[in-house]
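One structure is given below, encoded as structure tokens.
The values are calculated or read from the model by the stated rules, or taken from the named source; none is laboratory data. None of the values given here were measured: they were computed from a predicted structure. Note: ideal-geometry Cβ built from the backbone for every residue, glycine included; neighbour counts use all protein chains shown.
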Amino acid sequence: MTLRERKKLRTRQTLIDTALEQFTRRGFDGVTLDELCEAVEVSKRTFFRTFASKEDVAMAPAQDLWTLFLAELESAVPGGRTLLEMERDTLLAALERAAREEGWAGRMALAHALAQRTPSMDGHNRHFCESTTRSALDVLRRRFGLGGPDDPRPRLAIDMLVAAFHLAMAGWADSPEPDPADLAARLRDALAALPAALTLVPDEGGAAGVSSP
């Protein structure tokens, strides 16, 4: 990278770290954009060259992960795997790449915790999730011819991947020292439970059983 690119990257990272620290300590609504920019010593103009809003900077760790997922999906090779298996391995590869950045896991956990108690962040996250899903479907249509107007399967496969990821995040983010390898293991476990979840039959007596395949 050029010197200018490295400087922009450092400024972006400083904004993320400072935002997450101050939002966690003072509350998301307790920190104004002016105060955040003053703490980092950048202008609001510089801020808006990088992020669209306070919600955007706070959710950057998660957004970076899913941006990497889309990049990995562009070069994914099915190799005989099911679509969900390919998506699982693609997300795991993106997670491995994201974790190479020092401190990413801690930032991801802070962003997740903030989103749980900040309605505007949760709404921003849902909007980003839907946008990412549409982008992933575009890749699947363009590269593999999947996802015609009357075929819900690719959308459902992505929705199941996202649901499994949210389940994995729920327990992982509460860990004292969040470990990317633990998040990957939780994601694998959540996805491995999907087949049994789809055949789970409620028992009228209060017990639950699993139907035969």
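Numerical summary
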| quantity | calculated |
| --- | --- |
| All positions within region 116-170 that are crowded, with 17+ Cβ neighbours inside 10 Å and outside any helix (DSSP H, G or I) | Thr118, Gly147 |
| Region 178-191 residues that are in a loop (DSSP other than H, G, I, E, B), paired with ones that are small (Gly, Ala, Ser) and surrounded by 13 or more Cβ atoms within 10 Å (Cβ to Cβ) (beta carbon under 7 Å, 6 or more apart) | Pro178/Ala105; Pro178/Gly106; Pro178/Ala109; Asp179/Ala105 |
| Residue list for region 171-181, restricted to those being surrounded by 15 or more Cβ atoms within 10 Å (Cβ to Cβ) and over 17 Å from Ala93 (Cβ atoms) | Trp172, Ala173, Pro178 |
| Count of region 89-115 residues which are part of a helix (DSSP H, G or I), free of Cβ contacts under 8 Å to residues at least 40 places away in the same chain and surrounded by fewer than 17 Cβ atoms within 10 Å (Cβ to Cβ) | 2 |
| Residue match in region 31-39 (condition: surrounded by fewer than 15 Cβ atoms within 10 Å (Cβ to Cβ), small (Gly, Ala, Ser) and modelled with pLDDT of 95 or more) | no |
| Qualifying residue in region 93-103 (condition: touching a Lys or Arg at 6+ places or on another chain (Cβ under 8 Å) and either more than 30 Å from Phe144 (Cβ to Cβ) or of a type in the set (Ser, Thr, Tyr) (or both)) | no |
| Failed item, numbered, when Leu65 is tested on (1) under 15 Å from the mean Cα position of the chain (by Cα); (2) more than 24 Å from Arg12 (Cβ to Cβ); (3) aliphatic (A, V, I, L, M) | (2) |
